[in-house]
Amino acid sequence: MTQSHQPHLPYRQPEATDADGKTAQRNTRILALCQGLFTCAISIDLTLTALTGYQLAPDKALATLPFALITVAGALVTWFAAFLIQRLGRRRSFALGAFVGAVGGVISVWSVFHGQFWSFCVGTAAVGVFQAFAQYYRLAAADAVAPMFKSRAISTVLAGGVIAAVLGPALAAWSKDLFPAALFAGAYLMVAALAALSVVLLLAFYRDTAAAPVDAGALASALTPARSTAEIVRQPVFLAALANNVVGSIVMMFIMTAAPLAAVACHHSIEEGATIIQWHLVGMYAPSFFAASLIKRCGLGPVVLAGVALNLMCAVVAMSDSSLPAFYVALFCLGVGWNFMFVGGTTLLAQSYRPSERARAQGLSEFLRYAATALATLVAGPLLAHYGWSALNVAIVPLLLLCVAINVYWMMVSSRNTASTLN
């Protein structure tokens with residue numbers, strides 16, 4: 001942009017008013033509620049779907065297919081969801097995703113009542129579509145606020161998951177016996193109700209807003225032509241975002257998926273294994289209440305590195321002791337570590353693209369995270385059976401060290417760029 005245009009930059013900003021700011025705050029609270037409802041719904045589905053699949057499958061080898069379809073459908077839809085959100089707006093797109101989840105819950109109820117395995121697979125896949133759209137709640141909150149408030153917005157949305165840590169397992173246990181003639185049907189009716197409530201909240205209270213105000217330099221960047229995907233990916237800030245989001249999610253799902261099985265193999269009860277996961281969920285979401293303040297005080301780099309360190313601590317504790325307290329400590333460290341990496345990584349992702357590049361950057365990042373997480377979920381069980389709990393924890397160490405290297409590289413480049421700007 002030429003110098004002659006500079007005086008006019010302030011008048012070219014998106015027209016974000018005080019009303020828009022209040023709407024953005026309300027939207028963040030609505031998204032936090034929807035995040036809680038979604039996480040409750042998905043926790044019910046993930047808790048009972050393997051058992052329901054075993055009950056309905058014509059061939060017991062297919063028992064885990066409905067469970068796998070939640071993740072597979074989510075991975076396939078994630079990329080397209082980013083572009084649909086760009087075209088239709090967040091309000092209608094998020095409501096559509098939640099509506100598909102509600103339909104999936106209803107299909108699952110019908111399938112359980114009628115003993116239909118394949119239609120049950122359709123129902124769980126529809127819940128995967130709901131999951132794909134819900135992954136963009138935190139990014140929607142981040143895009144609507146100024147850079148200094150992005151971490152707070154992301155943390156607020158993720159804090160809604162604390163609801164699931166408390167209510168999810170309780171709702172699954174309470175609702176599975178609602179219909180004595182069809183075990184688990186009541187739980188899927190609860191999934192449909194939670195998704196339907198999300199639709200109501202989104203349509204009634206969520207509003208698409210103008211982009212957050214930006215300074216002249218950021219606006220000039222926004223008005224330049226969109227970069228290629230390769231250019232976006234090569235940025236150290238994008239690489240760091242990808243490392244924290246993808247590695248954090250791989251490690252979390254890899255260990256969390258195997259932990260209940262490992263606990264039972266170490267002579268702990270199934271109920272104790274469920275409590276370990278509940279404690280892990282608290283670790284995942286409770287830090288969202290203070291993660292943004294921690295980032296503001298200490299900086300993004302130290303917080304994401306602290307997240308990596310907590311994941312390494314999880315591995316060390318898990319390898320050194322198989323007692324029940326050791327499982328609690330390891331899985332809690334895993335949850336908190338994931339939260340720090342995920343909030344930090346999402347904040348970095350929101351800083352890595354221009355408005356015109358948002359759909360491609362978010363879609364690529366979420367697709368890669370989802371695909372890697374699906375792979376981690378699928379291989380955790382077989383690797384646990386063949387190599388054991390300690391070996392699984394050893395396997396995450398190289399990934400975490402790679403994440404450290406990428407974070408340090410981004411921090412060095414960022415520090416060098418800041419020094420260059422000041423000079």
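Observations on the structure shown:
- Only lysine pairs 8 or more places apart or on separate chains count here, and in the chain those with Cα atoms under 28 Å apart total 4.
- Segment 145-207: C-alpha gyration tensor shape, a/c 1.5 cut-off, then a/b vs b/c: oblate
- Solvent-accessible area, 1.4 Å probe, carbon plus sulfur percent, for segment 279-423: 71 percent
- Our note on the geometry: Cα centres of segment 89-161 and segment 251-324, 24 Å apart.
- Each peptide in 379-386, 67-74, 180-187, 338-345 was scored by the mean count of other Cβ atoms within 10 Å over its residues; highest first, the order is 338-345, 67-74, 180-187, 379-386.
- Only Cα sites of the chain enter the Debye sum here, all with the same form factor; the resulting log10 I(q)/I(0) across q = 0.06, 0.07, 0.09, 0.14 1/Å is -0.25, -0.34, -0.55, -1.31, listed in q order.
- The convex hull built on the alpha-carbon positions of segment 315-376 has an orientation-averaged projected area of 5.1 nm².
- Scanning the chain for long hydrophobic helices, with DSSP H runs required to stretch 24 angstrom or more by C-alpha along their axis and to average at least -1.0 on the Kyte-Doolittle scale, returns 18-56, 65-88, 90-114, 117-134, 185-205, 248-265, 300-320, 324-350, 358-387, 389-422.
- Heavy-atom accessible surface of the chain, averaged per residue, reaches 44 Å², computed with a 1.4 Å probe.
- Across segment 39-176, the convex hull enclosing all Cα atoms gives 102 Å³ per residue.
The values are calculated or read from the model by the stated rules, or taken from the named source; none is laboratory data. Please read all numbers here as calculations on a predicted model, not as lab measurements. Positions of Cβ are backbone-derived with ideal geometry, glycine not excepted, and every protein chain shown enters the neighbour counts. In case anyone asks, the SASA skips ligands and DNA or RNA and just uses the protein heavy atoms, side chains included. Shrake-Rupley method; radii C 1.70, N 1.55, O 1.52, S 1.80 Å.
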